[in-house]
Amino acid sequence: QVHLVESGGGLVQAGGSLRLSCAASGRMSSTNVMAWYRQGPGKQREFVARMLQDGSIEYVDHVKGRFTISRDNAKSTVYLQMNSRKPEDTGVYYCNLYWGSDDYWGQGTQVTVSA
């Protein structure tokens, strides 16, 4: 069983920056993928960014150039640096870790961007 704990959410003004962290614990594959999703008010959960163990990265188009995902494999932690925040970035951000058919989610952390 894998346990994910997100932290770093909060209130930030538009244009500001925030960094989210997600620490994983438990037994996991060495080839796992760590990712971030978010769910805005009244919206479905959407993909934001993912990073593989080998460093490969993928972003959704509307965060490219503003968000940066990184990971510390030694700490089993993934980060999401969010710059130039926009009000539409508001939502609950979820950490996701998966490999093969194993799929784990954190409890989510609220991020609110004020105009």
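The values are calculated or read from the model by the stated rules, or taken from the named source; none is laboratory data. Please read these numbers as outputs of a predicted model, since none were measured by experiment. Glycine also receives a Cβ, built like all others from the backbone with ideal geometry; neighbour counts cover every protein chain displayed. Side chains are part of the model used for accessible areas, which takes the heavy atoms of the whole protein and leaves out ligands, DNA and RNA. Shrake-Rupley method; radii C 1.70, N 1.55, O 1.52, S 1.80 Å.
Key figures for this structure:
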item	result
Checking Lys86 against (1) within 17 Å of Val2 (Cβ to Cβ); (2) touching a Gly at 6+ places or on another chain (Cβ under 9 Å); (3) open to solvent by 20 Å² or more (accessible area, probe 1.4 Å), the condition it does not meet	(1)
Residue match in the range 59-67 (condition: loosely packed, with under 14 Cβ neighbours inside 10 Å and touching a strand residue (DSSP E or B) at 6+ places or on another chain (Cβ under 7 Å))	no
Total residues in the range 9-32, condition modelled with pLDDT of 95 or more and out of contact with any Cys (no Cβ under 9 Å at 6 or more places or on another chain)	1
Boolean, Ser7 is closer than 19 Å to Thr112 by Cα, open to solvent by less than 50 Å² (accessible area, probe 1.4 Å) and out of contact with any Lys or Arg (no Cβ under 8 Å at 6 or more places or on another chain)	no
Every pair of residues 6+ apart whose Cβ atoms lie under 8 Å, when the first sits in the range 69-83 and is under 15 Å from Tyr93 (Cα atoms) while the second is open to solvent by less than 40 Å² (accessible area, probe 1.4 Å) and in a helix (DSSP H, G or I)	Met82/Val63; Met82/Asp89
Pairs with Cβ under 7 Å, 6+ apart, first in the range 20-35 and closer than 12 Å to Trp99 by Cα and open to solvent by less than 10 Å² (accessible area, probe 1.4 Å), second not polar (S, T, N, Q) and not in a strand (DSSP E or B)	none
Lone qualifier among Leu52, Leu80 - being open to solvent by 40 Å² or more (accessible area, probe 1.4 Å) and closer than 18 Å to Ala24 by Cβ	Leu52
Subset of the range 36-49 [closer than 19 Å to Asp102 by Cβ and open to solvent by 90 Å² or more (accessible area, probe 1.4 Å)]	Arg45
Among residues of the range 93-115, those that are touching a residue at least 12 places away in the same chain (Cβ under 8 Å) and surrounded by fewer than 19 Cβ atoms within 10 Å (Cβ to Cβ), counted	12
